[in-house]
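The values are calculated or read from the model by the stated rules, or taken from the named source; none is laboratory data. This structure is a prediction, so every number in the text was calculated from the model and none was measured. As a convention, Cβ positions derive from the backbone with ideal geometry for all residues, glycine included, and neighbour counts pool all protein chains shown.
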Amino acid sequence: MNALRIVIPLALGVAAIALWQFLVRHYGVAEYLLPAPSAIWPGFTESFAELMSALWTTLQVTWLAFFFAFAGAMLLAIVFNLSRTVEMALFPYAVVLQVTPMVSIAPLILIWVGYERVEAAAVLIATIVAFFPILSNATLGLRAADANLNDLFRLHGASRWQRLVRLQLPAALPYILSGVKVAGGLALIGAIVAEFVAGSGTATGLGWVITETGRNLQIAKMFAALALLSAVGVANFYLLTFVEWLLLHRWHESAIKTQN
Amino acid sequence: MTLLSLSHIAKTFDNGVEAVGGVTLSVREGEFLSLVGPSGCGKSTVLRIVAGLLKPDAGAVEFPQGRPEIGFVFQEPTLMPWARVHANARLPLDLKHAPDAGARAAAALARVGLSGFERAFPRELSGGMKMRVSIARALAAGPKLLLMDEPFAALDEITRQALNDDLLKLAREDGITVIFVTHSVYESAYLSDRVVVMTQRPGRVAAQMALAPPSTRDAQYRLTPQFAQSAGRISAAMADAARVAA
């Protein structure tokens, strides 16, 4: 069963690529519209150094943004938990930031941070995008501890700090981790959006490669950049899923079930 | 010696439910007291007021010899699922930074028959074993007063009887005073020195009765006329209380 889970989608992928190769060659589709898979590989190898350096830039932006979003959202969620007043005051604004499409704010952020520092702007944009799912899940999770356990902590005179560290944070962990998985994907999207919006300037990430190759009709190289980008997305997702599994599989029902 | 006295305790919840309507009760040191009554009669509320988890609207809770160390066992095992058995058992000791928490928790686990399960996670244990961890956690801190809120209601009969026997033994060894909430006539007849019967909501004390102490409390005791008589008296008192309320 487990082997089939890997073999079936893999076989489908190989078949689709073969069909793609065949159709492009058979109908003689122009390379600047849709290159055959065999043409993408040279696109990849010829620009290998440039693609790898773009990949590295994008990864740095994504991971930095992810880290800032995680640290900031956790801190704010804890503050919300300690003070209902602060939560009531700030949460609506967090929602506003979340529901306003990031693409529409990105130009403003770029102007403020400056086109000569596109990476810094990208980190900021990606951080804002990745922030909310962690904040909302952590806020929910910190309230999710069992009521009787809460009473037990009170009965035995637990301090506020003890209740937070020993009860609320562990109880919130499954919630936080599902927010973190969403945020990991969003941080990558944010990093790319920033470079798309910048369009020029000092951007050197995969988003910029995609914009540039589009302008120059280097479609094979564009496909290579796209493939790298999905590889990064998939790798990030599985990395975070693995972290989730590490932290939860011994005790949490959701992790136990998803193992199958 | 009186360990605890409640006078005219009343509690109405924010949603308007009048849970407890004036309970006066005193508990002697070392006794096993059962609080019985129909579901929703405010037994649990009384227990939570004694524990200091709820404030009564009226009346007073007094501990003439000072507030003792209190252990609480809920209807659910109420364990931290992310913590191993030993970490659960030592929680009350950890919260007060007790220096010998590890050793005391291990000793408490041994006393409830869970040696060798210290490193297990709660989900790996049966319902009865989880309840044993919950009891070990309550005992580890060395309570003088143990409050138990229908702790064995969700267990099968055999497990429940085994836990009843172990609880009696442990409470007696440590000289612990127990207030035990249950709606089971037989459980209260088996365990208690004294039974307090409560009325329907708002809960009041309908009757109190001391049960004649048996020579031994074990499986044989359940077969004696004395046990049947105790159970009969409790049943009758509960029926009376229901009639008064209706």
Can you tell me how many residues in segment B:157-214 are among the hydrophobic types (A, V, I, L, M, F, W, C) and either without any contact (Cβ under 8 Å) to a residue 40 or more places away in the chain or in a loop (DSSP other than H, G, I, E, B) (or both)? 10
Of all residues in segment B:15-29 being surrounded by fewer than 16 Cβ atoms within 10 Å (Cβ to Cβ) and either part of a loop (DSSP other than H, G, I, E, B) or among the basic types (Lys, Arg) (or both), the one that is modelled with the highest pLDDT: B:Arg28
Among the residues that make up segment A:156-175, is at least one of them at pLDDT 95 or above, away from chain B (no Cβ under 11 Å), assigned to a helix (DSSP H, G or I) and under 25 Å from the mean Cα position of the chain (by Cα)? yes
Could you check how many residues of segment A:1-38 are in contact with a helix residue (DSSP H, G or I) (Cβ under 9 Å, 6 or more places away or on another chain), in a helix (DSSP H, G or I) and aromatic (Phe, Trp, Tyr)? 1
Every listed condition ((1) more than 14 Å from chain B (Cβ to nearest Cβ); (2) at pLDDT 95 or above; (3) in contact with a Ser or Thr (Cβ under 9 Å, 6 or more places away or on another chain)) holds for A:Val209 save (2)
Check segment A:185-200 and report whether any residue there is under 25 Å from A:Glu119 (Cβ atoms) and outside any helix (DSSP H, G or I). yes
Checklist (1) in contact with a helix residue (DSSP H, G or I) (Cβ under 6 Å, 6 or more places away or on another chain); (2) within 14 Å of chain B (Cβ to nearest Cβ); (3) surrounded by fewer than 17 Cβ atoms within 10 Å (Cβ to Cβ) applied to A:Leu140, failing item: (2)
Identity of the residue in segment B:38-94, more than 9 Å from chain A (Cβ to nearest Cβ), part of a loop (DSSP other than H, G, I, E, B) and among the hydrophobic types (A, V, I, L, M, F, W, C), that ends up surrounded by the fewest Cβ atoms within 10 Å (Cβ to Cβ): B:Phe63
The condition from (1) surrounded by fewer than 18 Cβ atoms within 10 Å (Cβ to Cβ); (2) under 24 Å from B:Ser39 (Cβ atoms) that B:Ile179 misses is numbered (1)
Considering residues of segment A:39-49 that are surrounded by 14 or more Cβ atoms within 10 Å (Cβ to Cβ) and assigned to a helix (DSSP H, G or I) only, the residue modelled with the lowest pLDDT: A:Gly43
Within segment B:95-136, how many residues turn out to be in a helix (DSSP H, G or I), touching a residue at least 24 places away in the same chain (Cβ under 8 Å) and among the charged types (D, E, K, R)? 5
Which listed residue, of A:Val129, A:Val95, A:Val113, is without any contact (Cβ under 8 Å) to a residue 60 or more places away in the chain, among the aliphatic types (A, V, I, L, M) and buried (at least 16 other Cβ atoms within 10 Å of the Cβ): A:Val113
Anything in segment B:201-234 that is of a type in the set (Val, Ile, Thr) and either under 15 Å from B:Gly37 (Cβ atoms) or buried (at least 18 other Cβ atoms within 10 Å of the Cβ) (or both)? List them, or say none. B:Val205, B:Ile234
Residue count for segment A:107-147, restricted to those that are touching a Gly at 6+ places or on another chain (Cβ under 6 Å) and closer than 30 Å to B:Leu79 by Cβ: 3
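Restricting to segment A:143-155, and then to whatever is out of contact with any Leu (no Cβ under 9 Å at 6 or more places or on another chain) and either within 17 Å of A:Leu248 (Cα to Cα) or within 14 Å of another protein chain (Cβ to nearest Cβ) (or both), can you tell me which residue is surrounded by the fewest Cβ atoms within 10 Å (Cβ to Cβ)?
A:Ala147
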Among A:Ala191, A:Ala187, A:Ala183, the single one that is of a type outside the set (Ser, Thr, Tyr), more than 8 Å from every other protein chain (Cβ to nearest Cβ), under 24 Å from A:Trp251 (Cα atoms) and touching a residue at least 24 places away in the same chain (Cβ under 8 Å) is A:Ala183
Only one of (1) buried (at least 19 other Cβ atoms within 10 Å of the Cβ); (2) over 23 Å from B:Lys169 (Cβ atoms) is not met by B:Lys130, so which one is it? (2)
Residue in segment A:13-33 that is on the phi > 0 side of the Ramachandran plot, out of contact with any Ser or Thr (no Cβ under 9 Å at 6 or more places or on another chain) and without any contact (Cβ under 8 Å) to a residue 24 or more places away in the chain present: yes
From the set of residues in segment B:134-162 that are of a type in the set (Val, Ile, Thr) and more than 14 Å from the chain's Cα centre (by Cα), which is surrounded by the fewest Cβ atoms within 10 Å (Cβ to Cβ)? B:Ile158
